[in-house]
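First comes the structure, then the notes that go with it.
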Amino acid sequence: MATYPQQAGKIKVKGVAVLQNRPCKIVEVHKCKTGKHGSGKVRLVGLDLITSRKIEEISPSRGTIQVPNINRIECQFLCYREGRATVILPDSTTTEIPVNTKIR
């Protein structure tokens, strides 16, 4: 998984970050102010993109968190059969992808 570093204090809700070596969608961000002798902290809570498990990580606000590179493409849905969807990609090729949810 290709990632790049980002300052923990700049990560926002609905963003994506790597928490405990798992790609997560950020659902909560809590920022604590600096104390007399320390730096501010950021508590990030995210949902694992693969298992949907809640993961929490605390980091200094000036520390770095890895953020995955995500390439989004638009494709046209062609058909759904036995847990697999066939889609047409922008370069006019077709491919099948597994779908974990039921389509009504």
Self-check item: Inter-residue pairs, beta-carbon under 6 Å, first under 15 Å from Ser61 (Cα atoms) and in the range 31-49, second assigned to a loop (DSSP other than H, G, I, E, B) and among the basic types (Lys, Arg), 6+ apart
Solution: Gly40/Lys33
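Across the range 39-81, which residue is farthest from Asn21 (Cα to Cα) among those that are outside any strand (DSSP E or B) and open to solvent by less than 70 Å² (accessible area, probe 1.4 Å)?
Taking the range 39-81 as the starting set, the residues that turn out to be outside any strand (DSSP E or B) are 39-40, 49-53, 61-63, 69-75.
Checking the rest, the ones that are also open to solvent by less than 70 Å² (accessible area, probe 1.4 Å) come to 39-40, 61, 63, 75.
Values: Ser39: 24, Gly40: 23, Ser61: 19, Gly63: 16, Cys75: 29 Å.
Going through the qualifying residues, I end up with Cys75.
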Quiz item: So, in the range 90-104, of the ones that are under 12 Å from Tyr80 (Cα atoms) and in a loop (DSSP other than H, G, I, E, B), which residue ends up modelled with the highest pLDDT?
Solution: Val99
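Looking at the range 50-104, which of its residues are of a type in the set (Phe, Trp, Tyr) and closer than 30 Å to Gln6 by Cβ? Steps first, answer last, please.
Going through the range 50-104, the residues of a type in the set (Phe, Trp, Tyr) turn out to be 77, 80.
None - no residue of the range 50-104 is of a type in the set (Phe, Trp, Tyr) and closer than 30 Å to Gln6 by Cβ, so the list stays empty.
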Quiz item: Does Asn100 qualify as being loosely packed, with under 14 Cβ neighbours inside 10 Å and in contact (Cβ under 8 Å) with a residue 60 or more places away in the chain?
Solution: no
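The values are calculated or read from the model by the stated rules, or taken from the named source; none is laboratory data. What you see is a predicted model, and the numbers here were worked out from it, not measured in a lab. Glycine gets a Cβ as well: all are built from the backbone with ideal geometry, and neighbour counts include every protein chain shown. Side chains are part of the model used for accessible areas, which takes the heavy atoms of the whole protein and leaves out ligands, DNA and RNA. Shrake-Rupley method; radii C 1.70, N 1.55, O 1.52, S 1.80 Å.
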